[in-house]
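The values are calculated or read from the model by the stated rules, or taken from the named source; none is laboratory data. Small disclaimer: the values here were computed from a predicted structure and weren't measured. Positions of Cβ are generated from backbone atoms using ideal geometry, with glycine treated the same way; all protein chains shown enter the neighbour counts. Remember, those area values only see protein heavy atoms, side chains included, never the ligands or the DNA or RNA. Shrake-Rupley method; radii C 1.70, N 1.55, O 1.52, S 1.80 Å.
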Amino acid sequence: MRQRIAVVGGGPGGLTFARVLHRHGHSVAVLERDPAPDARPPGGTLDLHEGLGQLALDKAGLLAEFQALSRPEGQAMRILDPDGTVLRDWRPRPDERANPEIDRGQLRDLLLGPLDVQWGRSVTQVVPGTRDGARVHFADGRQETFDLVVGADGAWSRIRPAVSSVTPHYTGVTSVEASLDDVDTRHPDLAGLIGDGSVAAYGVNRSLVAQRNSGGHVKVHAKFRAPLDWHMNLDVADDEAVRSSLLALFDGWAAPVLGLLRHGTAFVHRPLYVLPVSHTWTHVPGVTLLGDAAHLMPPLGAGANLAMLEGAELAESIATGPGDLDETVRAFEEQMWARAGRWAKITTAGLERLVSPDPAEALALFDQVQPS
């Protein structure tokens with residue numbers, strides 16, 4: 001008898017889960033609250049790791065298509081002092097495929113492929129253990145039951161309360177994102193500063209990072225330690241006000257570096273939240289989590305990669321396993337917790353060093369991860 005399976009969330013993890021099941025001939029309901037794939041900006045760029053995100057795409061039969069879309073040159077990384085001095089300038093070899101970049105929108109479209117996503121299906125909660133399975137409640141009042149509901153719905157998951165009472169907590173670090181469009185034509189000096197990949201400058205308890213996307217688009221991330229209510233007297237929807245506040249925060253940094261903020265637009269306030277490093281739960285039949293819903297950690301390149309591999313592994317186990325759905329999910333959770341716990345420790349320590357009272361910690365971390 002075919003199992004009734006739903007995944008809540010149409011991000012990289014949820015779509016990879018659905019795509020691998022689809023490849024094995026299994027149907028799955030993809031429930032996404034956005035009314036359409038282009039309802040909001042898809043976000044920036046992702047580096048997909050060989051043993052994580054790329055492995056997941058291989059399980060989905062999409063690795064060759066990813067390689068055609070990805071940007072290996074986007075792995076380049078330049079480190080600056082706040083005074084503009086170049087401290088490191090790492091460039092990948094032509095055959096370097098460890099962590100090529102791909103725009104989130106391109107990855108989403110690649111994963112969507114033939115999937116029939118139910119757009120505009122906003123889930124409010126899931127109630128496990130009913131006679132017919134796990135009952136999903138929707139914002140419009142409707143309900144449906146499934147044998148398995150997978151929560152891939154991110155940091156503020158509506159599915160998590162079914163298995164865990166834990167909620168994300170603030171790290172003490174805030175990120176403000178800005179955008180630069182058509183950078184090569186409109187801001188050639190900044191384009192040269194950024195290079196083919198990313199440029200980063202680290203100061204006392206703050207950093208500026210700019211990262212190329214495709215089509216001349218750049219995302220700029222200003223990170224700094226501050227109380228959660230640092231913006232109480234600031235209208236975060238007012239680009240000019242946010243820009244002025246950030247320029248004051250980074251006062252004294254070199255003019256070319258501050259150009260990333262002066263010319264940025266569409267500022268977005270993103271306080272960084274995490275779940276406990278070793279977040280686990282007592283297994284609940286009929287419900288599980290993956291990605292940020294299960295193990296929200298600092299955004300240092302692991303989150304989407306882990307979510308995708310978890311989605312692929314769970315789907316593959318369901319499709320090819322012995323048939324006991326509950327035991328399959330139990331085994332998946334144990335494997336996920338162990339790996340995610342290791343990465344949560346790495347990324348938590350990484351954030352401490354990248355936004356640190358001692359900027360030398362950031363440079364030392366870079367040298368550990370990407371020795372010259």
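Add -39500 (n - 2.57) for each DSSP H run of 4 or more in the chain, then divide by its residues: what number comes out at 222 nm, to the nearest 500 deg cm²/dmol? List each step's numbers first, then the result.
Details: 12 runs with 127 residues, N = 372.
When only DSSP H runs of four or more count, the value is -10000 deg cm²/dmol.
Farthest toward the dipole's positive end in segment 225-286, which of Leu272, Val236, His283, given Cβ charges of +1 (Lys, Arg) and -1 (Asp, Glu) about the Cα centre?
His283
Round to the nearest 0.05 the FRET efficiency obtained for Asp34 and Asp238 when R0 = 30 Å and r is the Cβ-Cβ distance. Kindly include the intermediate steps, with their values, before the conclusion.
Details: r = 26 Å, r/R0 = 0.87.
Once the sixth-power term is evaluated, E becomes 0.70.
Rounded to the nearest 20 debye, what is the charge dipole size of the chain about its Cα centre when +1 sits on each Lys and Arg Cβ and -1 on each Asp and Glu Cβ? Present the calculation step by step, with values, prior to reporting the outcome.
Working: 35 positive and 47 negative charges, 114 e Å.
The dipole magnitude comes to about 540 debye.
Among the lysines, which fall within straight-line cross-link reach of Lys345, defined as a Cα-Cα distance under 25 Å, with same-chain neighbours fewer than 8 residues apart omitted?
Counting by Cα, and skipping residues close in sequence, Lys345 has these lysines nearby: Lys223.
Taking the mean number of other Cβ atoms within 10 Å as a proxy for protection, how do you rank 143-150, 123-130, 311-318 from highest to lowest?
Ranked from most to least packed, the peptides come out as 311-318, 143-150, 123-130.
Roughly what would the spin-label model give for Asp140 and Gln370, points 7 Å off Cα along C-beta, in nm?
4.6 nm
Let me make sure I get this right: for the chain, a, b and c are the square roots of the gyration tensor eigenvalues over alpha carbons, sorted descending. Under 1.5 in a/c it's rounded, otherwise prolate if a/b > b/c, else oblate. Which is it? Present the calculation step by step, with values, prior to reporting the outcome.
Details: a/c = 1.91, a/b = 1.68, b/c = 1.14.
Taking the square roots of the gyration eigenvalues as a ≥ b ≥ c, the chain is prolate.
Between segment 267-284 and segment 65-93, what is the C-alpha centre distance in whole Å?
If we compute the Cα centre of each part, the gap is 28 Å.
Taking the Cα centre of segment 165-212 as the origin, how large is its charge dipole in debye, to the nearest 20, when only Lys and Arg (+1) and Asp and Glu (-1) carry charge on their Cβ atoms? Could the numbers behind the result be given before it?
Working: 3 positive and 6 negative charges, 54 e Å.
Result for segment 165-212 is approximately 260 debye, rounded to the nearest 20.
What is the dipole size for segment 135-250, taken about its Cα centre, with +1 at each Lys and Arg Cβ and -1 at each Asp and Glu Cβ, in debye to the nearest 20?
Values: 11 positive and 15 negative charges, 103 e Å.
It comes to approximately 500 debye.
Describe numerically, in nm with one decimal, the distance between label points set 7 Å from Cα along Cα→Cβ at His169 and at Arg93.
Label-label distance for His169 and Arg93, simple model: 4.4 nm.
For His217 paired with Asp181, estimate the spin-label separation in nm (one decimal), with each label point 7 Å from Cα along the Cα-to-Cβ line.
Going by the 7 Å Cα→Cβ label model, 1.0 nm.
Which helices pass in the chain if a helix is a full DSSP H run, must span at least 20 angstrom along its long axis by Cα, and must have mean Kyte-Doolittle hydropathy not below 0.0? Please list the in-between numbers first.
Details: long enough: 303-320 (25 Å, 0.58); 325-354 (42 Å, -0.46).
Qualifying helices, which must be both long enough and hydrophobic enough, are 303-320.
Rounded to the nearest 0.05, what FRET efficiency do Ala155 and Ala64 have when you use their Cβ-Cβ distance and R0 = 25 Å?
Values: r = 32 Å, r/R0 = 1.28.
Calculated transfer efficiency: 0.20.
Using a cut-off of under 15 Å, list every residue of segment 1-18 whose amide N is near the label point 7 Å from the Cα of Asp116 along the Cα-to-beta-carbon line.
Backbone N within reach: 4-7.
What percentage of the solvent-accessible surface of the chain, computed with a 1.4 Å probe over protein heavy atoms, is contributed by carbon and sulfur atoms? The partial results should precede the final answer.
Details: 8230 of 16410 Å².
Accessible surface attributable to carbon and sulfur in the chain totals 50 percent.
What is the sum of charges, Lys and Arg at +1 and Asp and Glu at -1, for the other residues whose Cβ falls under 11 Å from the Cβ of Pro12? The partial results should precede the final answer.
Numbers: positive: Arg19, Arg104, Arg108; negative: Asp292, Glu310.
Local charge sum for Pro12: +1.
Build a GNM of the chain with springs between Cα atoms under 10 Å: which of Ala18, Ala226, Ala344 gets the top mean-square fluctuation?
Highest fluctuation of the listed residues: Ala226.
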